[in-house]
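The values are calculated or read from the model by the stated rules, or taken from the named source; none is laboratory data. This is a predicted model, so every value here is computed, not measured. Every residue, glycine as well, gets a Cβ built from its backbone with ideal geometry; the counts of neighbours run over all protein chains shown. Remember, those area values only see protein heavy atoms, side chains included, never the ligands or the DNA or RNA. Shrake-Rupley method; radii C 1.70, N 1.55, O 1.52, S 1.80 Å.
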Amino acid sequence: LQAETGAHPVTCDVTDEASVAFAAEQILGEQGTVDALANIAGGAIGVDSVAEGKTEDYLQMYRMHVLGILHTVRAFSAALRLNGYGTILNLTSTAAEHGYEGGAGYNAAKFGARGLTEALRLEEAEYNVRVIEVCPGMVHTEEFSLKRLGSAEAAERVYAGVEKPLTAEDVAQTVTFALNVPHHVNLDRITLRPVAQASQFKVIRTRG
């Protein structure tokens, strides 16, 4: 990506407030300003029921999905406001819309990220800072389900028989579009799913 775009990568752990502050100092020291902040860090941990839920798993997801946004917004909000045409984009999930069995910790974190995003939009409008939420449904990537479930076989079962689940590129194109529409247009919330996922609870699977 650096070779293709000239981007300057900076290593940062969004769950660590000091790490975010250091990264922001580097970025703002070099660039002076920022046009947009896109919060896309996250992930799901485990599929335990609530009765079997592990506190540390819940805390880690909360740190990534909620506190991660808090840390980055706090670090860059002044620069985005001074820019005059700033944008904050938070990537949540359709898991922020409905709970599902085995997903309570992830649901709770994503519901939290949605609540934060809605409040942030109200707070930043007077500074002409847009706040956008992008909510992907079923996305087939190499890492998400593998890290959550622990095996390639279990991960592949999630997408078995689903014709053309979303890809990372689909989500990236949606994020790019939302960031590049004229600034007076705010796409408050964008939900994207593959056609085969008619809702959070209806997925069309073909038999091989």
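Summary of computed values
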| item | result |
| --- | --- |
| Residue identified as at pLDDT below 95 and in a loop (DSSP other than H, G, I, E, B) among VAL14, VAL10 | VAL10 |
| Number of the condition not met by ARG148 [criteria: (1) touching a residue at least 60 places away in the same chain (Cβ under 8 Å); (2) open to solvent by less than 50 Å² (accessible area, probe 1.4 Å); (3) in contact with a strand residue (DSSP E or B) (Cβ under 9 Å, 6 or more places away or on another chain)] | (3) |
| Odd one out for GLU163 among (1) modelled with pLDDT of 95 or more; (2) open to solvent by 60 Å² or more (accessible area, probe 1.4 Å) | (1) |
| Of the criteria (1) open to solvent by 50 Å² or more (accessible area, probe 1.4 Å); (2) part of a helix (DSSP H, G or I); (3) under 24 Å from GLU169 (Cα atoms), which one MET64 fails | (1) |
| Every pair of residues 6+ apart whose Cβ atoms lie under 9 Å, when the first sits in the stretch 157-173 and is more than 17 Å from ALA38 (Cβ to Cβ) while the second is aliphatic (A, V, I, L, M) and surrounded by fewer than 16 Cβ atoms within 10 Å (Cβ to Cβ) | GLY161/ILE204; VAL162/ILE204; GLU163/VAL195; GLU163/ILE204; LYS164/VAL195 |
| Filter result for THR87 (in contact with a helix residue (DSSP H, G or I) (Cβ under 7 Å, 6 or more places away or on another chain), buried (at least 21 other Cβ atoms within 10 Å of the Cβ), closer than 18 Å to VAL14 by Cα and of a type outside the set (Lys, Arg)) | no |
| Given (1) of a type outside the set (Gly, Ala, Ser); (2) within 16 Å of the chain's Cα centre (by Cα); (3) modelled with pLDDT of 95 or more, index of the condition VAL139 fails | (3) |
| Residues being farther than 30 Å from LYS202 by Cα and touching a strand residue (DSSP E or B) at 6+ places or on another chain (Cβ under 8 Å) - total across the stretch 78-124 | 7 |
| Checklist (1) open to solvent by less than 40 Å² (accessible area, probe 1.4 Å); (2) within 28 Å of LEU67 (Cβ to Cβ) applied to ASP170, failing item | (1) |
| Sole residue being without any contact (Cβ under 8 Å) to a residue 24 or more places away in the chain and open to solvent by less than 20 Å² (accessible area, probe 1.4 Å), chosen from ASN39, ASN107 | ASN107 |
| Unique match (being within 19 Å of GLY42 (Cα to Cα) and in contact (Cβ under 8 Å) with a residue 24 or more places away in the chain) among GLU124, GLU97 | GLU97 |
| Residue that is surrounded by fewer than 19 Cβ atoms within 10 Å (Cβ to Cβ) and either assigned to a strand (DSSP E or B) or at positive phi (or both), where the choices are GLY115, GLY102 | GLY102 |
| Given (1) more than 20 Å from the chain's Cα centre (by Cα); (2) of a type in the set (Ser, Thr, Tyr); (3) open to solvent by less than 80 Å² (accessible area, probe 1.4 Å), number of the condition THR55 does not satisfy | (3) |
